[in-house]
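In what follows, a single structure is set out as structure tokens and then discussed.
The values are calculated or read from the model by the stated rules, or taken from the named source; none is laboratory data. Keep in mind that what you see is a predicted model, and the values were worked out from it rather than measured. Here the Cβ positions follow ideal geometry from the backbone for every residue, glycine too, while neighbour counts run over all protein chains shown. For the accessible areas, the whole protein counts, side chains as well, though only heavy atoms, and no ligand, DNA or RNA atoms are used. Shrake-Rupley method; radii C 1.70, N 1.55, O 1.52, S 1.80 Å.
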Amino acid sequence: KVLATVKDRAALCGVSVKLVSETFEVLSVAVWLLDEQEGRLVLGASTAPQSGRATDGCPPAAASTAVAAGLHGKSSPFNLEVVREPWAEEFRELNPAVFPNGGDRWCVPLRAGERSLGALVLADRVNGAGYTGEQLQLLQCIAGQVTSVLLNLRLADEVARARELEAFRTMSAFFVHDLKNTAASLNLMLINL
């Protein structure tokens, strides 16, 4: 219900990390969204301090295209600590654990069918507790809801752009029509002269 009230991506990211953090007693939750133009994951929001990013005029944290490609094949929550590929190492560096006894970092892909939209990363769980099968299913369900709202926001943006384009076309048609009438009047005036 909380996710349904958001109006933009930034609000969705903020609400999502807070919801997951409180639900699973995790101190560090980050949501990464795919920038489809660049093919990279960009940090949307995090409950952990990001060492001065965005507050000092720095751009938000971003992962390489290799991380996005590595996540593309994943569809369910997985332990980020056990993946021994270069993209996973980079993603771990972008999502550092603060507490040595906070447990493993987990990654939950945000997917819609075959389309990858980003990921949630959880680290520093209170008392370093592991996740049960039911908790992992709940995480996947929450990720599905976040993905659904994210897709709805994207569709709403596309509809708004389409409406703006249609309004521009209508205005252009009126402008061209008026310009054509003015040109015809000038043409008649020149012929009469």
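So here's what we get for this one:
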{"item": "Residue list for the stretch 108-142, restricted to those being within 12 Å of W32 (Cα to Cα) and either hydrophobic (A, V, I, L, M, F, W, C) or assigned to a helix (DSSP H, G or I) (or both)", "result": "V108, L110, L117, A119, L120, V121, L122"}
{"item": "Of all residues in the stretch 10-48 being more than 15 Å from W106 (Cα to Cα) and of a type in the set (D, E), the one that is modelled with the highest pLDDT", "result": "E22"}
{"item": "Test: Q135 is in contact (Cβ under 8 Å) with a residue 24 or more places away in the chain, open to solvent by 70 Å² or more (accessible area, probe 1.4 Å) and of a type outside the set (A, V, I, L, M, F, W, C)", "result": "no"}
{"item": "Residues located in the stretch 1-40, provided they are over 17 Å from the mean Cα position of the chain (by Cα) and over 17 Å from G144 (Cα atoms)", "result": "E22, E25, V26, L27, S28"}
{"item": "Residue in the stretch 154-162 that is open to solvent by 80 Å² or more (accessible area, probe 1.4 Å), in a helix (DSSP H, G or I) and modelled with pLDDT of 85 or more present", "result": "no"}
{"item": "Hey, E114 over 19 Å from L43 (Cα atoms), open to solvent by 30 Å² or more (accessible area, probe 1.4 Å), among the acidic types (D, E) and over 21 Å from the mean Cα position of the chain (by Cα) or not", "result": "no"}
{"item": "Hits in the stretch 79-102 (condition: under 21 Å from A45 (Cβ atoms), open to solvent by 20 Å² or more (accessible area, probe 1.4 Å) and touching a helix residue (DSSP H, G or I) at 6+ places or on another chain (Cβ under 9 Å))", "result": "E90, L94, F99"}
{"item": "Residue identified as touching a strand residue (DSSP E or B) at 6+ places or on another chain (Cβ under 8 Å) and at pLDDT below 90 among S64, S51", "result": "S64"}
